[in-house]
Structure formats: C-alpha cells, structure tokens
Amino acid sequence: MEVIVVITLNVNSNVSPDKVHIDNLPDGRKVVLLSDNIHEVVVDETIMYEYDCVEFDMPSDREDTIDDITRDFNEWWEFGQQEFEEITLEQRITDLEELVISILGGDE
C-alpha cells in the first residue's frame, strides 16, 4: 500500500510541532512532516497550536536531513503539495479502503 500525501490546514494541537520532522519507518521509507504558519492560541484557558502541515514520503533517491529540508523549506512544501495534487480521487479512496482494512485486520 502506498502512503498518500496529507495536506492539512489549521491543525489544532496542544503540542507545538517541529517545522520539519522525519519518521524512519520499519520498511525503510522516510515520511516527512512539514509544519508552517505555527501560532499559539488559547482555547478554554488551554494553550493550543494552530498550523498548516504537509506529509509525504521522502523520494527514495534522496537522503536529505532535517537541516537540508529546513534550508530548502519552501521547495519541499511545494513538492509536498504537488505530490498530493497528482494523486487521483480514485487512488485516494483505494488507499483509504486499504488502510481501514489493515487497521481492522481484514483481508481484501
């Protein structure tokens, strides 16, 4: 199953996100999470953070570090958005169905 790119606007969290985060998955893939427009807000006397984020698989032919991505942040943000736009609605639905099946422990 392929990991789809996620673009989320106005995320609310009680944890301030890193601007660039890389997860190394057991299968060898690297998932990049970029956060932008991070700002602190108070909701019911609780400090929260609102931000936009883009999540995507690091291209397999790249070995960029957090410092590399931070330095070229705007280019990587655009890359993440372009990757998302290239995925068809049909593919997104198929990926979502496969994810739900895997979570529920079923077979296709």
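The values are calculated or read from the model by the stated rules, or taken from the named source; none is laboratory data. Model, not experiment: these values are computed from the prediction. As a convention, Cβ positions derive from the backbone with ideal geometry for all residues, glycine included, and neighbour counts pool all protein chains shown.
Which residue out of Thr65, Thr70, Thr46 is modelled with pLDDT under 90 and exposed (fewer than 15 other Cβ atoms within 10 Å of the Cβ)? After ruling out the rest, the residue left standing is Thr46.
In the stretch 67-81, the residues that are closer than 12 Å to Leu33 by Cβ reach residues that are surrounded by 14 or more Cβ atoms within 10 Å (Cβ to Cβ) and aromatic (Phe, Trp, Tyr) with C-beta atoms within less than 6 angstrom, at least six apart or across chains, in these pairs: Ile69/Trp76; Gly80/Phe56. Here Val20 does not qualify as surrounded by 15 or more Cβ atoms within 10 Å (Cβ to Cβ), at pLDDT 90 or above and touching a His at 6+ places or on another chain (Cβ under 9 Å).
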